[in-house]
Amino acid sequence: MRGLVTYYTLFVIDLKTRRVHIAGSTPNPDEAFMAQIARNLTDAIDGFLLPHRFLICDRDTKFTDQFRRILGVSGVDTILTPTGHQTATPSPSDSFARSRRSASTG
């Protein structure tokens, strides 16, 4: 038995509608996983980012050059949050993550 395993979940929020899309979850968010997520998000048939031109993401190293390149080829520009952004007002993703955490532990 392995004990407690941490899973990383990538979700995308449409800021206009507040619609949340769970893009994927894994215990190991490596470059291959992130590349597949980028392909899924920009899929020509049902990609969540189809009607969107921008994806705002933090500066986590999981958002690799390959991830941003796949989005860019599909016409989605990646905008990185400014450094020091942690002191800003909590984002919709922070609120969503907090509500999911409390629902799963409460």
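Below is a table of values for the structure above.
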{"read-out": "Calculated FRET value between residue 64 and residue 28, using beta carbons and R₀ = 22 Å, to 0.05", "value": "0.95"}
{"read-out": "Sequence of 4, 15 once ranked by neighbouring C-beta atoms within 10 Å, starting from the fewest", "value": "4, 15"}
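Where a number appears in this text, it was derived from the coordinates with a stated rule and is not lab data. All of these numbers come straight from a predicted model, not from anything done at the bench. Cβ sites come from the backbone with ideal geometry, for glycine too, and all protein chains shown count toward neighbours.
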